[in-house]
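First up is the structure itself, then whatever we jot down about it.
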Amino acid sequence: MSGRIEGQITRGKTARNRLRRVDNFLLAYDPKLLCRNDGGFDKALWVDLGYGAEPTTTLESAARFRKQCPGLPILGVEIDPERVERAQSQADEITRFRLGGFNLPLQANDDGIPERVRGMRAFNVLRQYDESAVIDAYDLLASQVLPGGLIFEGTSDPYGRTWVANLIRCHPEPDVSWKIESLVFSTSFKLEFEPADFQPVLPKNLIHHMVPGDPIFQFMESWKRAARETVHHRVWGMRQWFVAAAERLAEMGYSIDLQRRWVTRGWLVWRNPAL
């Protein structure tokens, strides 16, 4: 890869199965993306950007995704040379680890055809950057993903019990290279349900905007109100309360996807968020 690597070394600490619910959500949200083989998607990569000190998240994703899409090529990217070197013992023909950053270390095959990317996950990566760097990072990443592909960018707690993510759809239009298609809030129900618990894991583009008058602040305040108004559902459990609060939030005018496969599994999907 030519040119300076774009990015900074992360702390790299990732517990096993920290991103299990992230992977499971992706498999449910856009399962065809991982298995597409039409046009440029033939042999296109899935990228795990910033996998950390050990290649755990990349290997776990590979195992989950290949149950549905055998042979899916996956690339783990890290900016720390020592981490990349350690991961090489886990590499094979369809699982690779390379040194790189936001400018992905893509290569060409023996026929000179460059690798293509169907989508990527960048979790707990942008959190360490200044907010001013987020849009530039999205622009650069989207320029390397096939039209129709996804960038899944967000933040989780240390054990993956609570996370929030931007689902960014890449577009072919010259004036719209990407769009935040959904903002997703996830809870495993292992903790008490409280909307405020999601605030510490808001993505970098949102976490500093929890101030009156800002759209994400208004959304979170509305969700807290919805939870208070439906608290009587708590007697049947956190799951039922979560579902009832989501339904009340939709009644307030937010475009919440109320499909049971989302809300009953602890996923609040805000479609086309007005942020």
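Meeting the requirement of 2 or more residues that are open to solvent by 50 Å² or more (accessible area, probe 1.4 Å) and farther than 16 Å from Ile151 by Cα, the strands (runs of 3 or more DSSP E) wholly within region 8-110 are 95-99.
Just one residue in the set Ser132, Ser89, Ser61 is closer than 18 Å to Leu33 by Cβ and of a type outside the set (Val, Ile, Thr); that residue is Ser61.
For region 227-238, the condition holds for no residue, the condition being that it is surrounded by 15 or more Cβ atoms within 10 Å (Cβ to Cβ) and closer than 17 Å to Val164 by Cα. For region 250-275, the candidate set comprises residues that are buried (at least 21 other Cβ atoms within 10 Å of the Cβ) and among the aliphatic types (A, V, I, L, M); within that set, the residue that is farthest from Asp214 (Cα to Cα) is Val263. Can we say Tyr138 is hydroxyl-bearing (Ser, Thr, Tyr), within 18 Å of Val184 (Cβ to Cβ) and open to solvent by less than 60 Å² (accessible area, probe 1.4 Å)? Here the answer is yes, as Tyr138 does meet what is asked.
Find the residue count for region 134-158, including only residues that are outside any helix (DSSP H, G or I) and either closer than 16 Å to Phe25 by Cβ or touching a His at 6+ places or on another chain (Cβ under 9 Å) (or both).
10
The values are calculated or read from the model by the stated rules, or taken from the named source; none is laboratory data. Since the model is a prediction, treat every value here as computed from it, not as a measurement. Note that each Cβ is placed from the backbone with ideal geometry, even for glycine, and that neighbours are counted across all protein chains shown. For accessibility, only protein heavy atoms count, side chains too; no ligands or nucleic acids. Shrake-Rupley method; radii C 1.70, N 1.55, O 1.52, S 1.80 Å.
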